[in-house]
Amino acid sequence: MSRIETRPLQENLGTEVLNIDLSGLDDETFSLVRQAWQRDPLLLFRRQSLTEEDLLAFSKRFGSLDLDTIKDINTDDPAADDRNPELFFVSNLHFDDGSKVGGLSNDEVVWHTDLIFRANPASGSIFYGVEMPKDTAKTSFCNMAHAYRTLPDELRRAVDGKRARCKYGTEAPLSSFMRQNVNKNFRRETASAEETEAIDRRTPEVVHDMVLENAATGERSLYLSPNHTTAIENLSNKDGRELFDALMDHALRPENIYSHDWRNGDVLLWDNTRLLHQREAFSGRIPRLAKRTTVYMDPAYFAVPKPAKENAAT
């Protein structure tokens with residue numbers, strides 16, 4: 001296959017790849033898919049019917065998979081330890097014994113980028129919608145590469161070279177919006193103070209560059225997350241908050257945002273180094289089930305946050 005058929009989801013974000021079965025891509029077609037993901041941080045494939053083995057095999061062609069998300073933050077299901085740790089279930093369903101099938105239930109999930117609270121985060125998310133309600137529980141994405149390209153010169157100069165401190169589930173976010181909505185900051189429910197302390201030990205504060213660059217393409221993007229950022233290095237809280245809020249106000253303009261109305265069988269690939277995303281709340285009476293992998297992306301093709309040894313907070 002010398003080319004793949006695509007169509008845009010909207011002007012500034014999102015590409016649908018047509019007539020491809022992700023369960024059996026040959027090497028040439030996979031290379032074309034990877035090139036499409038380089039060009040656009042959000043890819044959509046519809047009408048997929050994937051086994052868990054299919055999803056894992058496809059995901060691993062991009063890089064190794066994150067193994068720590070379930071145990072650290074995302075579910076209180078005791079059966080999770082017996083599952084493949086490379087798969088994360090996103091669901092509001094329960095097993096017959098009342099335990100949860102997956103995490104993130106049906107509440108609002110505020111704007112964020114996945115796993116920025118890790119020193120060396122896996123940044124590619126591959127999300128397979130198995131049972132997805134229509135016209136509700138939409139997921140919205142914000143193109144942070146386009147946001148960077150369109151920054152006013154003064155704001156670009158202000159953010160270039162800056163580094164942000166990030167902490168999982170912080171109760172002291174830098175963002176003005178999140179400071180007023182700390183209750184919306186996702187943090188895994190814990191059964192004891194000891195469990196909370198164990199999660200905090202596994203997720204110490206880290207530091208990340210606020211602008212990332214893809215070495216292969218030269219594309220630059222804003223890399224930040226309002227629910228996990230606690231400070232900007234070398235700026236006072238006041239100055240850091242003003243800069244962070246200005247960046248978010250610019251990024252969250254309508255022309256940077258695409259909202260996805262899910263269908264069963266949708267697979268979305270998103271690059272967390274170039275996107276924020278959020279999910280709207282929905283009725284807990286409506287069943288929803290998805291399966292996700294998170295990939296350590298290959299720096300030969302994609303921007304990646306710096307290795308952990310360069311990003312530990314001091």
Inset, instruction - Please name all residue pairs, on different chains or six or more residues apart, with Cβ atoms under 7 Å, provided the first residue is in segment 28-50 and is farther than 15 Å from Leu275 by Cα and the second residue is assigned to a helix (DSSP H, G or I). - result: Phe45/Leu22; Gln48/Leu22; Leu50/Leu22; Leu50/Ser23
Inset, instruction - Need at least 1 residues that are touching a Leu at 6+ places or on another chain (Cβ under 6 Å) and not basic (Lys, Arg) per element, so show me which helices (runs of 4 or more DSSP H) inside segment 100-191 make the cut, counting only ones lying wholly within it. - result: 144-149, 153-159
Inset, instruction - Determine the pairs where a residue that is within 12 Å of Arg149 (Cβ to Cβ), located within segment 210-223, has a partner that is assigned to a loop (DSSP other than H, G, I, E, B) with Cβ atoms under 7 Å apart, the partner being 6 or more residues away or on another chain. - result: Val211/Asp160; Val211/Tyr223; Ser221/Thr273; Ser221/Arg274; Ser221/Ala303; Leu222/Met210
Inset, instruction - Mind telling me which of the residues Thr294, Thr229, Thr273 ends up being closer than 30 Å to His94 by Cα, buried (at least 21 other Cβ atoms within 10 Å of the Cβ) and of a type in the set (Val, Ile, Thr)? - result: Thr294
Legend entry - Filtered residue count, segment 26-47, keeping only those that are in a loop (DSSP other than H, G, I, E, B) and surrounded by fewer than 19 Cβ atoms within 10 Å (Cβ to Cβ): 3
Legend entry - Complete set of residues in segment 207-232 that are more than 22 Å from Pro152 (Cβ to Cβ), of a type outside the set (Gly, Ala, Ser) and over 17 Å from the mean Cα position of the chain (by Cα): Val207, Asn214, Thr217, Thr230
Legend entry - Failed item, numbered, when Asn227 is tested on (1) polar (S, T, N, Q); (2) in a loop (DSSP other than H, G, I, E, B); (3) modelled with pLDDT of 95 or more: (3)
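Any idea which residue in segment 197-224 is modelled with the highest pLDDT, counting only those that are under 23 Å from Tyr168 (Cβ atoms) and small (Gly, Ala, Ser)? Before you say what the answer is, go through the steps one by one.
Step one: list which residues in segment 197-224 are under 23 Å from Tyr168 (Cβ atoms), which gives 197-212, 221-224.
Subsequent filtering for residues that are small (Gly, Ala, Ser) retains 198, 221.
Details: Ala198: 78, Ser221: 99.
Across segment 197-224, the extreme among qualifying residues is Ser221.
The values are calculated or read from the model by the stated rules, or taken from the named source; none is laboratory data. Keep in mind that what you see is a predicted model, and the values were worked out from it rather than measured. Note that we place each Cβ from the backbone using ideal geometry, even for glycine, and neighbour counts take in every protein chain shown.
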